[in-house]
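Structure, as structure tokens:
The values are calculated or read from the model by the stated rules, or taken from the named source; none is laboratory data. A quick note: this is a predicted structure, and the numbers were derived from the prediction, not measured. Note that we place each Cβ from the backbone using ideal geometry, even for glycine, and neighbour counts take in every protein chain shown.
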Amino acid sequence: MLELKRKEKPNYPHAVDFGKFRAPVAMISDSENLEEKIWNVEVATDGYLASVHFDYSDHVNGKKRAWGTESWNLIKVNKEWKITSVAFTVTESD
């Protein structure tokens with residue numbers, strides 16, 4: 001997928017500089033309506049470790065902007081769940 005994206009957009013980044021990364025919400029103007037839809041949610045846990053896997057799509061002003069799959073790993077510390085890692089795919093709409 002990245003190889004195709006780089007053919008279409010030669011300047012497509014190879015890596016993200018998180019020092020310059022803005023929160024996703026900050027990338028949307030105040031006049032835009034942002035909605036994230038999730039489905040196919042799967043949760044597995046033994047009570048102390050957990051994983052969550054789901055499909056998602058992002059919509060701006062009612063139009064699908066991107067979609068993919070997301071996976072979280074969590075650990076329970078002092079009776080609170082903490083996210084330890086997040087991995088996801090992104091397919092952008094044209």
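Here are a few things to note about the model shown:
- One residue stands out in the range 1-55 among those that are over 18 Å from Thr89 (Cβ atoms) and among the charged types (D, E, K, R): the one that is modelled with the lowest pLDDT, namely Arg22.
- Of all residues in the range 43-85, those being aliphatic (A, V, I, L, M) and either closer than 29 Å to Ser31 by Cα or in contact with a helix residue (DSSP H, G or I) (Cβ under 7 Å, 6 or more places away or on another chain) (or both) number 2.
- Of residues in the range 46-55 being without any contact (Cβ under 8 Å) to a residue 24 or more places away in the chain and surrounded by 11 or more Cβ atoms within 10 Å (Cβ to Cβ), the one farthest from Trp81 (Cα to Cα): Asp55
- Counted residues, the range 59-89 - those being surrounded by 14 or more Cβ atoms within 10 Å (Cβ to Cβ), within 26 Å of Glu32 (Cα to Cα) and in contact with a Gly (Cβ under 9 Å, 6 or more places away or on another chain): 0
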